[in-house]
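Q: Can you read through this structure? Questions will come right after.
The values are calculated or read from the model by the stated rules, or taken from the named source; none is laboratory data. For clarity, every value in this text was computed on a predicted model and none was experimentally measured. Using ideal geometry, Cβ is built from the backbone for each residue, glycine included, and neighbour counts are taken over all protein chains shown.
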Amino acid sequence: MKERTVRIRIVGTGVMGRGIAQWAATAGHTVELADARPESVGEAVEFVRGMLDRAVRKGRSTAEEAAAIGARLVPLDSPAQPGEPDLVIEAIREDLDTKAALFTDLEKALPATTVFATNTSSLPVTQIAARLSDPSRLVGLHFFNPAPLMKIVEVIPGARTRPDVVDSVSALVRETGHSAVVVSDTPGFLINHAGRGLVTEALALLERQVAGPAELDRIARDVLGLKMGPFELMDLTGLDVTATVIESIWAGFRFSDRLRASFLTPNRVAAGLHGRKTKQGWFDYTEGAEKPAEKPITGDADRPVWTDDDELRAALTEAGAKVTGTLTGDAVALVTTWGTTVATAIAAQGLPPERTFGVDPLSIRTGRRVLAITPAADPAAARDARAVLARGEKAVSVVRDVEGGVAQRLVSSIVSVAASIAEQGIAAPDDIDLGVRLGLGYPRGPLAWGDVVGPARLLTLQRALQQATGDPRYRPTRWLTERAQLGLPLTAAGIAPEDV
């Protein structure tokens, strides 16, 4: 396939096809548009030109530029119309037989030099290519919606895809200003696979009634810095879609404990609680519905407090709290735990259970602190502890005491799934972090995030979680264990046998 200006045929003019067409034409390429429904081709051309006109009105481009881009859109009468495109990108419905049949027709009609690309988000690229006489010419090219704005594309070689095909389409993507990450042909590819870390652990926390969806979302946003919490994200995507992706990736990796699906989703999907599109999901989206409100702070912020954590002691002292050096009188005790529970700390240190609470150390210096309560807590003491933690204009979430707490378990799961992807060679460490940051909008790549926490500290957390719960879901990966032991960052690929 030639570089720079090429002729690209896009088959399928739905939402994704239109977005890919706009991306390619804006980059200077001639774009042929085809669809099984000929009338939808004209609609797609008008849609793209409308988006270009909108950009002109907003001052992002000139009328001359928009006209030139629009002129590069070429409607076709049929998907397999004879011609000489350099690249065909398929964006039709997600069905293996339908996609394979299209490429079989294209193979008969187009030159052997034309590269074929499927925009599948979930089907094995190898199985689509297997129907061709020459499977080496087909590659996965997975865009994200909206394609012009989402600056990341997964390039997925099938088992028999030629290396030069991978190199040429990757170069084409990068020349447009988008980033390309090369990913193995495995369930969920990279970004959908990596995204399971957040949602599966959030659902696991909800299963155990640690906190409700709104509180878990607040912690994900305000403590971890995510743009959206896991439950509002599921409502935006649609729980029917999310649950299908979770189940398919879990099954695809032969029911890996690390990717385990939740028992909560099937009934909610059956009930039509899909999220925004059905007006009801984890939250209510009917007209006039209000977002879940936080409980007001009602306790005594001047109640004396004792803590075993130096960072928390300093933060509370700075905020004007009455921090005591010893646990005496009616002072509340605030302990920090790492992979363990507040109940364990109470038993080990002989602390008063009615006025001892946990604080997630990851939350201390953020805009939201997380207070963990045990079943033995006195409600009045808990309200006072919350008021003390709120000093310095901090929000405070109250959660049930659980091994590791909410923020620790969420970040651990995010990093663990990414480390598993790296360990299995599905993508290179740099591509994992780049893909997740651009594709999921995380504040940093998951492996870099693990380095911020610290590999050794993260290993301690995961070992504690596995020991406390007995759940193999929390088993540390070899990728993390080795790097913690060797003093290497999680982002380091390290040396492999083939390097020797």
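Q: Out of everything in the stretch 302-335 that is assigned to a loop (DSSP other than H, G, I, E, B) and among the β-branched types (Val, Ile, Thr), what residue ends up being surrounded by the most Cβ atoms within 10 Å (Cβ to Cβ)?
A: 324
Q: Do we have residue 216 as closer than 30 Å to residue 369 by Cβ and either assigned to a helix (DSSP H, G or I) or among the basic types (Lys, Arg) (or both) here?
A: Against the criterion (closer than 30 Å to residue 369 by Cβ and either assigned to a helix (DSSP H, G or I) or among the basic types (Lys, Arg) (or both)), residue 216 qualifies.
Q: Right, something else. Suppose we filter the stretch 77-107 for residues that are more than 20 Å from residue 24 (Cβ to Cβ) and either within 33 Å of the chain's Cα centre (by Cα) or free of Cβ contacts under 8 Å to residues at least 24 places away in the same chain (or both); how many remain?
A: 8
Q: Under 9 Å by Cβ, and 6 or more places apart or on different chains, what pairs join a residue from the stretch 257-272 that is under 16 Å from residue 207 (Cβ atoms) with one that is assigned to a loop (DSSP other than H, G, I, E, B) and among the hydrophobic types (A, V, I, L, M, F, W, C)?
A: As it stands, the answer is 259/253; 261/255; 267/273; 268/282, since those pairs meet every condition given.
Yes or no, residue by residue, for (1) surrounded by fewer than 19 Cβ atoms within 10 Å (Cβ to Cβ); (2) within 16 Å of residue 146 (Cβ to Cβ); (3) touching a residue at least 60 places away in the same chain (Cβ under 8 Å); (4) in the same structural domain as residue 168 (by TED's automatic domain parsing):
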position	(1), (2), (3), (4)
14	yes, yes, yes, yes
19	no, yes, yes, yes
26	no, yes, yes, yes
37	yes, no, no, yes
41	no, no, no, yes
66	no, no, no, yes
75	yes, no, no, yes
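Q: Something else now. Select, from 75, 82, the only residue that is farther than 15 Å from residue 35 by Cβ and either of a type outside the set (Gly, Ala, Ser) or out of contact with any Leu (no Cβ under 9 Å at 6 or more places or on another chain) (or both).
A: Answer to the check: 82.
Q: Looking at 184, 170, which is the one that is at pLDDT 95 or above and not in a loop (DSSP other than H, G, I, E, B)?
A: When all the criteria are applied, what remains is 170.
Q: Any chance the stretch 370-390 includes a residue that's within 24 Å of the chain's Cα centre (by Cα), closer than 30 Å to residue 484 by Cα and part of a strand (DSSP E or B)?
A: Scanning the stretch 370-390, I find at least one residue that is within 24 Å of the chain's Cα centre (by Cα), closer than 30 Å to residue 484 by Cα and part of a strand (DSSP E or B), so the answer is yes.
Q: Given the conditions (1) farther than 19 Å from residue 363 by Cα; (2) out of contact with any strand residue (DSSP E or B) (no Cβ under 9 Å at 6 or more places or on another chain), report the number of the one that residue 462 does not fulfil.
A: (1)
Yes/no per residue for (1) basic (Lys, Arg); (2) surrounded by fewer than 21 Cβ atoms within 10 Å (Cβ to Cβ):
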{"position": "176", "(1), (2)": "no, yes"}
{"position": "188", "(1), (2)": "no, no"}
{"position": "227", "(1), (2)": "yes, yes"}
{"position": "249", "(1), (2)": "no, no"}
{"position": "252", "(1), (2)": "no, yes"}
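Q: For residue 258, are the conditions met, namely being of a type in the set (Lys, Arg), in contact with a Leu (Cβ under 8 Å, 6 or more places away or on another chain) and not in a loop (DSSP other than H, G, I, E, B)?
A: No: the conditions fail for residue 258.
Q: What's the total number of residues in the stretch 342-363 that are in a helix (DSSP H, G or I) and of a type outside the set (Asp, Glu)?
A: Summing the residues that are in a helix (DSSP H, G or I) and of a type outside the set (Asp, Glu) in the stretch 342-363 gives 13.
Q: Look at the stretch 349-374 and say how many of its residues are surrounded by 23 or more Cβ atoms within 10 Å (Cβ to Cβ) and either on the phi > 0 side of the Ramachandran plot or small (Gly, Ala, Ser) (or both).
A: 3
Q: Right, next: Name the residues in the stretch 59-105 that are charged (D, E, K, R) and either assigned to a loop (DSSP other than H, G, I, E, B) or closer than 25 Å to residue 126 by Cα (or both), would you?
A: Listed by number, the residues that qualify are 60, 72, 77, 84, 86, 90, 93, 94, 95, 97, 99, 105.
Q: In addition: Within the stretch 207-246, can you find the residues that are more than 16 Å from the chain's Cα centre (by Cα) and free of Cβ contacts under 8 Å to residues at least 40 places away in the same chain?
A: The answer is 240, and nothing else.
Q: Given the conditions (1) among the aliphatic types (A, V, I, L, M); (2) surrounded by 22 or more Cβ atoms within 10 Å (Cβ to Cβ); (3) touching a Phe, Trp or Tyr at 6+ places or on another chain (Cβ under 6 Å), which single one is not true for residue 150?
A: Exception for residue 150: condition (2).
Q: Just to be sure, is residue 341 in contact (Cβ under 8 Å) with a residue 24 or more places away in the chain and of a type in the set (Ser, Thr, Tyr)?
A: So residue 341 passes the test.
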